[in-house]
Structures are given as structure tokens and as C-alpha cells.
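A short worksheet on the structure shown next.
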Amino acid sequence: MESMYVNGRFGAGHAQRGIEVEDPANGEILASVPAGTAADVDDAVAAAKAAFPGWRDTVANDRATALHAVASKLRAHGEELVRLLVREQGKPWSENEEEIEWSANTFDYYAELGRHEMGAVLPPGAASQFNFTRREPYGVVGCIIPWNYPLLLLAWKLAPALAAGNSCVIKPSELTPLSALYLARHVLDHLPAGVVNVVTGLGSETGEPLVVHPDVSVVAFTGSLATGQRIAALAAPAMKKLHLELGGKDPMVIAEDADPEQAARALAYSALLNCGQVCTSTERVYVPAARADAFSQALLEQVRGLRLGSGLSRDTDVGPMIGERHRAKFETHVEDARSLVHPVDEHQIG
């Protein structure tokens, strides 16, 4: 069994059982991770709280150096991380290569932003005055990560939090926890103990305790609208700071003079990236009625040319969906669309 990462050490914590992690391409069990508990969250938050003053007081230049080192290690471990992401999440090889580079760029970007954006000097009201502002970190940040981009969406939360001087507790998705644990072992290991902690487990058993913990000042979450609403309700009594990136309903509008083949290529990419499991994926298309047949034929030709399979093959264009529950939901959507399909008058599209 893999281990959680708390206060610079790996261990099973208070978990009494494990959670199996499957390869979505073939159902193979890759590993199991501890099913963490509220007590594990308490330990991780306590470690982050204890580490916070030292990290807060670390000068910005030194924090920047540490974050640049994270970026360098991400690139150095790139091939191993790409393979791990393919196995636990399913995206094709090339898409995971992009995720690693985006993640590394994120740490490089916030390293410099944290060095630069420490405050501002304001115009004085009198010659004897010197007015300035200073940015202060909040404290412990809870980072709740989804399964569709387990490293990039972690980086988008972790890098700015660390650059500002906060300490963090990461709760990865129970479907894709292995990449976060790999990061803790090989990429974040140079950070002071307790600055970054990883607690694995289910949302109800670790995610909710992290949200309501009195020593967690900020919660950053990416996921569904329903879960975001639940987090907002749980955090409201303490007036916690929230960063919620939730679902989208993203249209594509095909103009009258658009080239059908070019539009079809754009749609195939925007709708089928990560097998369509992206909050910004195109979910509906508006096309003038007079152009519908040409566009539909071009789209069919484009999709028929895509190669499905395991992401470990460099020739794969579209990998598997993350799990059976998600595939079943998708099939329901397809049947709903088939039952509702009807021509739309172009004059209805304003």
C-alpha cells in the first residue's frame, strides 16, 4: 500500500482500510492508498500550521528558488510522471506530456510572481510620510484536487499558495492519488517538513473534515457544481476564503462563412480532449441550418479518423474514460440527446 505524506514522513496514518486505484484502460489494480480519516486531516493540518510561521518568514527570493526547484524536478521526472498519469487517469501520452510542462511552468511563473508581488509603495499624503502595503499569507490552505488533471490542477492551487507563504494540505481524488504522492516523494521533498502534506481518502471522510477544520483558512477546490455548493455551505459559518472552479456549459458557435473542415477539427479537439472530461470542453454547438450538413459530414470524417486505445501507445488520440460510473453517465447523455434531437431554425439563434 502507498502511504500518505504528513509532516515530511510517509505512513498509513489512522487508516483502517485501503482504496484501490485502477487503470481505466483495462481495470488493472495499480496500487492501493490509505482511506484517510478526520484524524489524519487533524495531523496534517497541525503539521501545516506548525510549519507555517517558518515558511511565511522565509524571504521571497528563497521561496522562489524552492519553487523553481519544484519545476526543475517535475521536468526531470517527466517521463515517469507521464507514464503514471496515463496509468491512473487514462489521458493519452501527448496530453500528459502537456500536463507536466504546464505544471512545471506554473511553478516557475508563481516563483517569480511571489518574488515580485510582495506589496506596493503608495503616494504619501505629506513629505514626512512613507506609505506602503504588505501582502500577508492566510495560513493553512486546503487543496482538493479532481481526477481529470491531477497534477496541473494541483499546481494551480499549490504554487500560488506556497509563493505567497502559505502551507498546504492536499486531498487528491481517490481515483488519481498516485501522482500527488509521487510528487511528495520525488518533487516536493526539498521543502521544509509540514509545508506540504498529502492526505488520501474519500471526500466525506477527508475532504469535508479539511473544509470545516478551524485551522484551515482557505479552501481551493476544482470539481462539480454540487460539491462546490456543499463546500461553500460548510465553509460559510467560518467565513473561509474559497476558490471554487466548477463545471461549465461551453458552446461553440460556427459562423456562416466558417470552413467546415477547420471547424470540425477545432470541435473534435475542444470536445474530445481528455475524452471530453474537461470543464471547458465544448458541450453544445450552434451552426446555421444551411451549413449543418457540410459541418456534420466534416465532423464525422474527423472523428472517424481518431484512434482510440490505451494512452501508453503514442498513436492513441482518445484514451478511456476514468471509470464505469462515468461511462454509464455518458451513455445516458447520448440516449437523451438522441431522444431530443430535432432541427433548429437558424432564425432562433440570435
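Bear in mind that the values in this text are calculations on the coordinates, not laboratory data. Computed from a prediction, not measured in an experiment: that's the story for all the values here. Glycine also receives a Cβ, built like all others from the backbone with ideal geometry; neighbour counts cover every protein chain displayed.
Observations
- Distant-in-sequence amide H partners of Val285 (H built 1.01 Å from N, under 5 Å): Met252
- Computed over the chain: relative contact order in percent, which uses C-alpha pairs under 8 Å that are six or more apart: 20 percent
- With Cα atoms, 0 to 90° folded angle of helix 93-116 axis to the chain main axis: 40 degrees
- Ranking Val285, Val218, Thr316 by Cα position along the charge dipole of the chain, where only Lys, Arg, Asp and Glu carry charges on their C-beta atoms, puts Val218 farthest toward the positive end.
- Of Gly27, Gly207, Gly305, the one that fluctuates the most in a GNM where the chain has Cα springs shorter than 10 Å: Gly305
- Computed [θ] at 222 nm, helices only, for the chain once each DSSP H run of length n ≥ 4 contributes -39500 (n - 2.57): -14000 deg cm²/dmol
- Note on the chain: with charges restricted to the Cβ of Lys and Arg (+1) and Asp and Glu (-1), its dipole about the Cα centre is near 1060 debye.
- By the count of other C-beta atoms within 10 Å, a proxy for reagent exposure, Val187, Val278, Val21, Val253 are ordered fewest to most as Val253, Val278, Val21, Val187.
- Only lysines eight or more places from Lys91 in sequence, or on another chain, were considered; those with a Cα closer than 23 Å are Lys73, Lys157, Lys171, Lys249, Lys329.
- Take 322-331, 263-272, 101-110 and order them by the average number of nearby Cβ atoms within 10 Å per residue, most first; the result is 101-110, 263-272, 322-331.
- Asp293, Asp43 arranged by Cβ crowding within 10 Å, fewest neighbours leading: Asp293, Asp43
- Whole-Hz couplings from phi, Karplus 6.51/-1.76/1.60, listed for the range 278-294; x for Gly and Pro: 9, 5, 9, 5, 5, 10, 7, 10, 10, 9, x, 4, 5, 9, 5, 5, 5
- Loop-located trypsin sites (Lys or Arg not before Pro) across the range 13-96 with a Cβ neighbour count of 11 or fewer within 10 Å are Arg17, with loop assigned by DSSP.
- Cα extents of the chain along the three principal axes, largest first (Å): 69, 61, 42
- Among Ala164, Ala294, Ala193, the largest mean-square fluctuation in a Gaussian network model of the chain (Cα springs under 10 Å) belongs to Ala294.
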